[in-house]
1. Of everything in the range 51-74, what is under 12 Å from the mean Cα position of the chain (by Cα) and among the aliphatic types (A, V, I, L, M)? Give them in sequence order.
2. Out of Thr84, Thr65, Thr76, I need the residue that is of a type in the set (S, T, N, Q) and touching a strand residue (DSSP E or B) at 6+ places or on another chain (Cβ under 6 Å). Which one?
3. Taking the range 85-107 as the search range and keeping residues that are assigned to a loop (DSSP other than H, G, I, E, B) and among the small types (Gly, Ala, Ser), which one is nearest to ligand 1 (Cβ to nearest atom)?
4. Which condition does Lys71 not pass, out of (1) within 14 Å of ligand 2 (Cβ to nearest atom); (2) within 28 Å of Asn106 (Cα to Cα); (3) not small (Gly, Ala, Ser), if it passes all the others?
5. Is it the case that Phe6 is within 13 Å of ligand 2 (Cβ to nearest atom), within 22 Å of Gln64 (Cα to Cα), buried (at least 17 other Cβ atoms within 10 Å of the Cβ) and not aliphatic (A, V, I, L, M)?
6. Tell me, which residue of the range 35-54 that is over 14 Å from Leu97 (Cα atoms) and exposed (fewer than 12 other Cβ atoms within 10 Å of the Cβ) is nearest to ligand 1 (Cβ to nearest atom)?
Amino acid sequence: MSDCIFCKIVNGEFNTEFIYEDDTVAVFKDINPKMPVHLLVVPKKHIESLNFLEDEKLSGTLLQTVRKVCKKLGITDYKTLINTGKGAGQEVFHIHLHILAGGNFNL
Ligand code: 5GP
Ligand code: ZN
């Protein structure tokens, strides 16, 4: 998708610092963090939202990436969030998992 911001980021077009990267996924900091730790786990393949994620292997990879990255960073307590659809607050239509940590989870 040529006009997708996350496609551009995961393809390295903005020289974004990746916290983690492999052949299928990249993890980078959210530009507008809602907690002291706010990361985005993003597949390199363009998939609009969870409504279009049919690939079971990739589904597992995304969740395992959350685990690996949190382990690497020493984070044991975190929230993982996927917004699906405009009505639920999805702003970027390239599927991503939020990792939120280090703040007050009750806010
Ligand atoms: P959504 O609401 O779609 O689940 O989350 C989109 C997230 O992407 C938001 O938290 C927003 O701050 C973040 N975001 C939007 N554009 C950019 C960008 O260009 N770079 C980074 N690092 N994050 C972005
Ligand atoms: Zn995309």
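1. The answer is Leu62, Leu63, Val66, Val69.
2. Within the list Thr84, Thr65, Thr76, the selection yields Thr65.
3. Gly89
4. Checking Lys71 against (1) within 14 Å of ligand 2 (Cβ to nearest atom); (2) within 28 Å of Asn106 (Cα to Cα); (3) not small (Gly, Ala, Ser), the one that fails is (1).
5. Spelling it out, Phe6 is indeed within 13 Å of ligand 2 (Cβ to nearest atom), within 22 Å of Gln64 (Cα to Cα), buried (at least 17 other Cβ atoms within 10 Å of the Cβ) and not aliphatic (A, V, I, L, M).
6. Pro36
No value in this document is a laboratory result; all are computed from the given coordinates. Quick caveat: nothing in here was measured; it's all calculated off a predicted structure. So basically every Cβ, Gly included, is an ideal-geometry build from the backbone, and we count neighbours across all protein chains shown.
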